[in-house]
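Notes follow once the structure below has been shown.
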Amino acid sequence: MPMENLTLLYDITQAMTAPGSLPRSLDQVLQILAQKMGMRRGTITILNPETAELQIEVAHGLTAEARRRGRYKLGEGITGRVVETGEPAVVPRVSQEPLFLNRTRSRGREKDEISFLCVPIKIHHQTIGALSVDRLHRDLDLDKDLRLLTIIASIIAQTVNGLMLIDREKDRLRDENLKLKGELQGRYQVGNIIGTSGRMRQVFEMIQRVAKSNATILIRGESGTGKELVASALHYNSQRASKPFIKVNIAALPETLVESELFGHERGAFTGALQRKQGRFELAQGGTIFLDEIGDLTPTVQLKLLRVIQEREFTRLGGTSTLKADVRLIAATHRDLERGVAEGGFREDLYYRLNVFPIYLPPLRERRADIPLLADHFLNKYTAEHQKPGLRLSAPALDLLMQYPWPGNVRELENIIERAVLVCDEDTILSVHLPRSLQRQEPGEIRNSLAMQVANLERELISEALRQSRGNQSQAAKMLDTSLRILGYKIKQYDLDYKRFRAAGKHPPYPGGEKTAGEGY
């Protein structure tokens with residue numbers, strides 16, 4: 001190999017191994033080819049596995065607009081064929097080649113005849129892209145230049161493969177880190193707190209941060225979001241876990257008994273007080289007290305609660321002795337306390353005492369990614385409770401759950417799953433087993449129409465069979481005990497694309513569907 005080629009390869013190797021981003025290294029490779037090989041234009045084109053489309057990663061001698069135009073399908077044009085076949089290509093005179101698309105519109109203005117060379121970039125026999133260059137036809141030495149470009153493409157492939165290995169290792173470490181974090185978060189998922197969405201991860205992180213402290217916590221969120229479960233998680237992962245955890249639902253207590261329930265009373269404090277009674281604060285000594293629906297407290301009780309938080313002491317109703325309150329306070333509400341303060345219904349000083357560390361629980365409609373996990377959890381819970389093992393949720397039924405706005409949040413989802421388990425006599429919960437409030441209804445349809453209900457059930461049964469058979473119509477027909485001809489007719493009638501069910505099994509050889517046509521620049 002001539003010395004100038006060795007020098008060129010050395011420079012390219014140095015560029016590819018130098019610190020920095022991959023696009024920057026690839027751009028330096030094209031700069032070296034332009035300076036030392038006389039390249040007029042050049043691109044490194046990468047195959048997008050998601051769209052099966054070729055796009056220019058870096059380019060030399062092309063405008064930004066030309067680069068944007070340089071998008072091709074696999075097999076389209078010269079570069080598309082090189083990537084598809086894995087074989088290099090040479091066009092001695094681009095002006096005489098009908099397959100040359102010139103989609104970037106960067107050629108045709110030269111006085112000299114241009115030649116085009118394109119070699120595949122391969123990793124373990126898999127073509128991931130192509131290196132393409134323009135050279136003057138008179139400067140072309142076909143065998144030498146093609147061999148040199150093939151070596152350069154191999155250097156690029158090795159570097160890219162190394163970076164991919166590093167990325168895979170990073171992904172593995174990231175997954176392992178997430179798994180470890182998940183195990184750590186699992187410590188805070190007391191009871192039925194389930195979720196992997198970003199919103200719930202924030203909740204778990206906040207629980208982790210504050211659980212060990214004695215700070216007062218205010219849990220905010222709509223009814224049914226799981227505020228009591230968060231309070232339990234905070235207590236059982238605190239330093240007070242071995243001590244009492246006392247729960248008080250303020251809204252469930254008669255207004256006249258709230259003060260007595262919280263602080264206790266002495267004998268004769270009021271009519272019917274026949275003996276001394278310990279209040280919830282006294283019962284929670286050394287532990288945690290959870291006051292749910294704190295926004296429903298009367299002004300009198302608000303004042304006494306403020307004293308407990310400030311002074312850490314209280315007095316029984318009708319008593320004179322001051323008792324110490326060694327308790328951690330966790331409060332919860334679905335009300336707008338800020339509005340209550342503004343309207344005078346809630347004490348401002350108490351609000352600020354409670355709002356030391358607020359935790360906001362998002363409604364279910366804002367964490368839809370958790371619906372499948374929650375549904376599966378409740379399904380396992382109630383199939384075991386009602387002795388219906390093996391029962392599962394169909395894809396169309398899950399789709400209905402995903403689209404419903406859930407005004408009752410997680411509590412409503414749990415009730416719906418339990419109901420579905422009870423009414424389902426088959427091995428799969430279908431959409432027909434869900435409440436009518438979840439059912440789809442097209443404009444003008446009569447919800448109770450027999451034909452509509454039969455069609456919906458038939459469509460769902462066929463969809464579920466195709467999903468289980470991974471799009472295999474023959475297997476689906478056997479599962480439904482019908483003929484392949486009738487099933488094919490029904491699939492066409494209901495406009496079902498059986499191919500999309502194959503995603504549950506093997507992936508097609510070309511992401512995005514069947515092989516289509518793509519070129520370089």
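What to note about this one:
- Computing FRET efficiency as 1/(1 + (r/R0)^6) for LEU173 and THR13, where r is the C-beta to C-beta distance and R0 is 41 Å, gives about 0.90.
- Under the simplified labelling scheme, the GLN475-THR271 pair shows an inter-label distance of 7.5 nm, with each label point 7 Å from Cα along Cα→Cβ.
- The length gained by stretching the chain between LEU165 and ASN415 to full extension, at 0.36 nm per residue less their Cα-Cα distance, is 85.3 nm.
- For the stretch 131-175: rounded, prolate or oblate by the Cα gyration tensor [a/c cutoff 1.5]: prolate
- Burial ordering of LYS388, LYS122, fewest other beta-carbon atoms within 10 Å first: LYS388, LYS122
- With the cut-off at under 18 Å, measuring from each backbone N in the stretch 52-94 to a point 7 Å along the Cα-to-Cβ line of LEU136 picks out 61, 92-94.
- Two-site FRET efficiency, GLU458 against ASP376, from Cβ-Cβ distance with R₀ of 22 Å, rounded to 0.05: 0.25
- Cα→Cβ-extended label distance, 7 Å offset, between LYS212 and GLU4, nm: 6.8 nm
- Distance between the 7 Å Cα→Cβ label points at TYR352 and SER95: 8.4 nm.
- Sorting CYS424, CYS118 from the fewest to the most surrounding beta carbons within 10 angstrom yields CYS424, CYS118.
- Likely footprinting exposure, HIS125, HIS60, HIS265, fewest C-beta neighbours within 10 Å first: HIS125, HIS60, HIS265
- Length gained on full extension, GLU113 to GLU57, computed as 0.36 nm times the residue gap minus the Cα-Cα distance: 17.6 nm.
- Assuming charge only on the beta carbon of Lys and Arg (+1) and of Asp and Glu (-1), the dipole of the stretch 367-440 about its Cα centre is about 220 debye to the nearest 20.
- Cα-Cα over 25 Å, subset of LYS73/LYS122; LYS388/LYS492; LYS36/LYS170; LYS247/LYS304; LYS277/LYS324: LYS388/LYS492; LYS36/LYS170
- Using a Förster distance of 30 Å, the FRET efficiency for ARG365-ILE309 (Cβ separation, nearest 0.05): 0.35
- Seen against the Cα atoms of the chain and their longest principal axis, helix 142-186 is set at about 10 degrees.
- Between SER483 and SER154, the contour length at 0.36 nm per residue exceeds the Cα-Cα span by 113.1 nm.
Rule-based calculations on the coordinates, nothing more; no lab input. Only a predicted model underlies this, so the values are computations on that prediction, with no experimental measurement involved. Don't worry about glycine lacking a Cβ; one is built from the backbone with ideal geometry, like all the others, and counts go over all protein chains shown.
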